[in-house]
1. Residues of the stretch A:429-478 being modelled with pLDDT under 95, within 15 Å of RNA strand B (Cβ to nearest atom) and among the basic types (Lys, Arg), which ones?
2. Which residue is modelled with the highest pLDDT, if the candidates are limited to the stretch A:69-83 and must be more than 26 Å from the chain's Cα centre (by Cα) and buried (at least 16 other Cβ atoms within 10 Å of the Cβ)?
3. Would a scan of the stretch A:147-165 turn up a residue that is within 10 Å of RNA strand B (Cβ to nearest atom), β-branched (Val, Ile, Thr) and more than 19 Å from A:Trp93 (Cα to Cα)?
4. With of a type outside the set (D, E, K, R), in contact with a strand residue (DSSP E or B) (Cβ under 7 Å, 6 or more places away or on another chain), buried (at least 16 other Cβ atoms within 10 Å of the Cβ) and at pLDDT below 95 as the only criterion, which of A:Leu204, A:Leu246 stands out?
5. For the stretch A:224-251, give me each residue that is in contact (Cβ under 8 Å) with a residue 40 or more places away in the chain and aliphatic (A, V, I, L, M).
6. Can you find, within the stretch A:308-324, the residue that is nearest to RNA strand B (Cβ to nearest atom) among those that are surrounded by fewer than 16 Cβ atoms within 10 Å (Cβ to Cβ), among the charged types (D, E, K, R) and under 20 Å from A:Leu64 (Cα atoms)?
7. Give me the pairs, please: first residue somewhere in the stretch A:114-132 and under 19 Å from A:Phe178 (Cα atoms), second residue anywhere and at pLDDT below 90 and part of a loop (DSSP other than H, G, I, E, B), beta-carbon distance under 6 Å, and either six or more positions apart or on two chains.
8. May I ask you to say which residue of A:Thr128, A:Thr139 is farther than 30 Å from A:Trp277 by Cβ, part of a loop (DSSP other than H, G, I, E, B) and more than 7 Å from RNA strand B (Cβ to nearest atom)?
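The values are calculated or read from the model by the stated rules, or taken from the named source; none is laboratory data. Keep in mind the model is a prediction, meaning the values are calculated, not measured. As a convention, Cβ positions derive from the backbone with ideal geometry for all residues, glycine included, and neighbour counts pool all protein chains shown.
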Amino acid sequence: MTTRVRFAPSPTGYLHIGGVRTALFNWLWARKTGGAFVLRIEDTDQERSTAESVRVILDSLSWLGLDWDEGPGKGGPFGPYTQMERLGLYKEWAERLVREGKAYRCYCTKEELEEQRALLKARDPKATFRYPRTCLKRTDQPDLPFVVRFKSPDAGSISYRDKVFGLVTTPNAAQQDFVLLRSDGVPLYNFGAVVDDIQMGITLVARGRDHMVNTPPQIMLYEAFDAKIPDFAHLPMMLAQSGEKLSKRHGAVSVGEYQAQGYSPRAVLNYLARFGWSHGDQEVFSLDELVAAFDWEHCNKSDGKFDAKKFLAINHEHLKTPRLTGEDEYVDRLLPFLAARGVPGLVRERVLHVLPLIRERATTFVDAADRLDFVFRDPPVVDPAAAAKFLGPASAPLLRELIEVLRGVELWTVQAIEARVQAWLEDKKLQIKDVAQPARVALTGRTASPGLYEVIEALGRDRAIARLTSPAASPTSP
RNA sequence: GGCCCCAUCGUCUAGCGGUUAGGACACCGGCCUCUCACGUCGGUAACACGGGUUCAAUUCCCGUUGGGGUCGCCA
């Protein structure tokens, strides 16, 4: 049987980084096994679901490269892939359970139950409210709104062999007669997910550990439908450094934010893959390597804490390694960031030419754009503190001489420039460190930049000389 | 509180009875050096605790402690 896995987000906001990991592990498994990766939108919470959020999720997954074989915008043999478009199916399947005596109609109102719950909580705050089965023995069928409840067993237990946690056993007494269908006919999570997973032929359900508690009732449903129970794999939680659930107040948690911060999609996947899974000592992976190496055996059971520094380091690694990010792709991704900061005169060829200057330095595309800004912006943005420190009167004569040296360079290459400058320094009994910082500030506006000769070459003779000219002519007085 | 789950450096992790407990990020030094990086060399740093099992436990079992998940007509 071929593998069929799914990612089933609810469109109630941005795509959370933890959700991406769930999607990734499913995707990796599908790609590794040659199976199908199904995307299903679980929008049955009409209060919170939005079309905008669906769009964001689709965009984010596309950006990441987690392409789905079946799902929204793609279709497939088991569609539609949006739950609110499948209501007829849930109703039909719920009715079947009622007919078979495995579920029943419950006419208790939400308000009544909330009152009972509140009453219990008032008496014992830690007590667990369980539906008292008021409607279980009811034989009449009043013309009132009703929900459909599952008749869960009182005795026995459910066991399943989790792909990462091993054998998990839960007593059935822990379950209550949970609701399958709301009074408006919209399914609740456990029911909708199981009906869809059965109908869509899902063979393995991989999701966050926070869903582990849903597995026993879901297995009961598979049994009630006499359906084949899929494999389950639960992934440990991603927590904030504080140990709390990772949320907005711990920094960026949506993929969109990392995209905006200039992360490489594959670096995001790389970091996420190594969170809760390992492959010996290997830290850096291409997508192909990930697909080839991924397995459930090396998934970890314990929760982890998100480490923004390591994430950045992984991104840096991806940006500076040609094997992981090709030159063309780098420029494609970088260009929008340069444009966004209003860098003038952007020409793809020129960006390509100066890319080596910052390739090993930039940790994100935003950082890369910042480091390359001076190349394109004439005059460059000058840091006043840097100018005050290095462009004093003492440096003016040196810069004037440097201009002359540059005029004398014949072939405009890094090597030729360096050779001429070195010869001049030797002749004048000077050292490069005597001129490097003043020249750097004049050329780039900053005290930190790529190598001096590379910078000069990249600017071109005319622009380099122009930038050296004004501080050489009118030095700022101390 | 009930039910479920977890436990190796600060963090992500390797380890699947016998290791000087390894790697990565972070941190601290040295080297390289025109700045910033990169690179490189080295350093600090972990098996939660208590019982078993065993010739031998980080590794297997039990308990304690600690942490997390979940108890909705949310997903």
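1. A:Lys433, the sole residue that qualifies.
2. A:Phe78
3. Taking every residue of the stretch A:147-165 in turn, at least one turns out to be within 10 Å of RNA strand B (Cβ to nearest atom), β-branched (Val, Ile, Thr) and more than 19 Å from A:Trp93 (Cα to Cα).
4. Details: A:Leu204 fails: at pLDDT below 95.
Selected residue: A:Leu246, the only one of A:Leu204, A:Leu246 that is of a type outside the set (D, E, K, R), in contact with a strand residue (DSSP E or B) (Cβ under 7 Å, 6 or more places away or on another chain), buried (at least 16 other Cβ atoms within 10 Å of the Cβ) and at pLDDT below 95.
5. A:Ala224, A:Ile229, A:Ala233, A:Leu235, A:Met237, A:Met238, A:Leu239, A:Ala240, A:Leu246
6. Across the stretch A:308-324, the extreme among qualifying residues is A:Lys310.
7. Listed pairs, sorted by first residue: A:Leu120/A:Ala127.
8. Working: A:Thr128 fails: more than 7 Å from RNA strand B (Cβ to nearest atom).
None of the other options fit; the residue is A:Thr139.
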